[in-house]
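To start, the structure under review is shown below, and the notes come after it.
The values are calculated or read from the model by the stated rules, or taken from the named source; none is laboratory data. Small disclaimer: the values here were computed from a predicted structure and weren't measured. A quick note on method: Cβ atoms are made from the backbone with ideal geometry, for glycine too, and the neighbour counts reach across all protein chains shown.
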Amino acid sequence: MKIFVLGGQGQLGSELCRKLGDGAVGLGRDELDITDRDKVLRAFRDWRPAAIVNTAAYTAVDKAELEPELCEAVNARGVANLADACRQADCPLVQISTDYVFGSGSPRTVPYREDEPTAPQGVYALSKLHGEQQAAGWAKPIIVRTCGLYGRVTSRNLGNFVETMLRLAASKPVLRVVDDQHCTPSYVPHVADAILFLLNTHAYGTYHVVNRGSTTWHEFACEILRQAGLKTHVEPISTAEYGAQAPRPHYSVLDCGKYLALGGPALPPWRQALAEYLAARGQP
């Protein structure tokens, strides 16, 4: 029996498939559209997977404000279909969620634990919370909240924040990056290792999995260019100046204590994680 990875061509999905090797079946939308309930139930009734890991999602945060039905269909109703399929196959469901389920309300400086009240802002964030709720309706869910993933670049997955900063720095003398959103961008292989550990423990529930520490996107961009040996100036701006369509959390740093208490693979500090990524892509 194999582990089925939905969104198998994305950053996280492809990394999970790489680590699992022959133990994984990676499925993109062309192979299985999770919004088609009948196809999902029929497919998993035939395949009988050992587990489902759902990395598939509608992630265009700003565009979601203009396409709320499509966003909800993928991020919530699609997860409901997978939960029903897992119920039918009696197998675990790993649902990947986001730090965006937090972040509204009063100012904060203490990382969020899994059991704290959520407060999503915007269509995307709300749809991801709905997806968590659908996954939790099955008896064997592992819900993993993470943040700002960056990992292996492939022909089917070309972008992440690190790559964007390096590309822009090569052609622009000054970059303008938001400095009032506090979070922890995370390196995909570290998150993937944690997911596979959790799946093997059968410790069902919700977990936060990000690299250690916290930063802003501006500080992260500065560190990317510093480690890459680039001199491009990075100007700090506010979220309001950036003018995004969808709201962003001011503070969405996650506390990983629950995961770490299980003794899983370490989650290195975010600067060390960035250095690993740059080394892996051939940077100094």
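Data table
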{"quantity": "Pick from the range 179-193, criterion farther than 16 Å from residue 99 by Cα and in contact (Cβ under 8 Å) with a residue 60 or more places away in the chain, ranking: farthest from the chain's Cα centre (by Cα)", "calculated": "193"}
{"quantity": "Only listed residue being of a type outside the set (Asp, Glu), in contact with a strand residue (DSSP E or B) (Cβ under 7 Å, 6 or more places away or on another chain) and modelled with pLDDT under 95, chosen from 103, 159, 148, 131", "calculated": "103"}
{"quantity": "Identity of the residue in the range 194-216, among the small types (Gly, Ala, Ser) and farther than 29 Å from residue 179 by Cα, that ends up nearest to the chain's Cα centre (by Cα)", "calculated": "205"}
{"quantity": "Selection count, the range 37-85, where residues are farther than 30 Å from residue 248 by Cα, in contact with a strand residue (DSSP E or B) (Cβ under 8 Å, 6 or more places away or on another chain) and aliphatic (A, V, I, L, M)", "calculated": "3"}
{"quantity": "Within the range 73-128, tally of residues that are part of a helix (DSSP H, G or I) and on the phi > 0 side of the Ramachandran plot", "calculated": "1"}
{"quantity": "All positions within the range 181-205 that are among the polar types (S, T, N, Q) and either buried (at least 18 other Cβ atoms within 10 Å of the Cβ) or not in a helix (DSSP H, G or I) (or both)", "calculated": "181, 184, 186"}
{"quantity": "Long-range neighbours under 6 Å by Cβ, at least six apart or interchain, first residue in a helix (DSSP H, G or I) within the range 47-72, second among the β-branched types (Val, Ile, Thr) and modelled with pLDDT of 95 or more", "calculated": "64/123; 65/123; 68/123; 71/123"}
{"quantity": "Search result, residues across the range 24-49 that are under 22 Å from the mean Cα position of the chain (by Cα) and either within 18 Å of residue 198 (Cβ to Cβ) or not basic (Lys, Arg) (or both)", "calculated": "24, 25, 26, 27, 28, 30, 31, 32, 33, 34, 35"}
{"quantity": "Top-ranked residue of the range 1-17 - restricted to ones that are free of Cβ contacts under 8 Å to residues at least 60 places away in the same chain and outside any loop (DSSP other than H, G, I, E, B), ranked as nearest to the chain's Cα centre (by Cα)", "calculated": "13"}
{"quantity": "Residue in the range 26-37 that is assigned to a helix (DSSP H, G or I) and touching a residue at least 24 places away in the same chain (Cβ under 8 Å) present", "calculated": "yes"}
{"quantity": "First in the range 228-239 and touching a residue at least 60 places away in the same chain (Cβ under 8 Å) and over 16 Å from residue 167 (Cβ atoms), second anywhere and basic (Lys, Arg) and not in a helix (DSSP H, G or I), Cβ under 6 Å, 6 or more apart", "calculated": "235/176; 237/176; 239/248"}
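Residue-by-condition table, conditions (1) in contact with a Cys (Cβ under 9 Å, 6 or more places away or on another chain); (2) buried (at least 20 other Cβ atoms within 10 Å of the Cβ); (3) part of a helix (DSSP H, G or I):
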| residue | (1), (2), (3) |
| --- | --- |
| 207 | yes, yes, no |
| 219 | no, no, yes |
| 222 | no, yes, yes |
| 226 | no, no, yes |
| 231 | no, no, no |
| 247 | no, no, no |
| 258 | no, no, yes |
| 271 | no, no, yes |
| 274 | no, yes, yes |
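Yes or no, residue by residue, for (1) under 23 Å from residue 194 (Cα atoms); (2) out of contact with any Ser or Thr (no Cβ under 8 Å at 6 or more places or on another chain); (3) crowded, with 23+ Cβ neighbours inside 10 Å:
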{"position": "66", "(1), (2), (3)": "no, yes, no"}
{"position": "69", "(1), (2), (3)": "no, yes, no"}
{"position": "72", "(1), (2), (3)": "no, no, no"}
{"position": "99", "(1), (2), (3)": "yes, no, yes"}
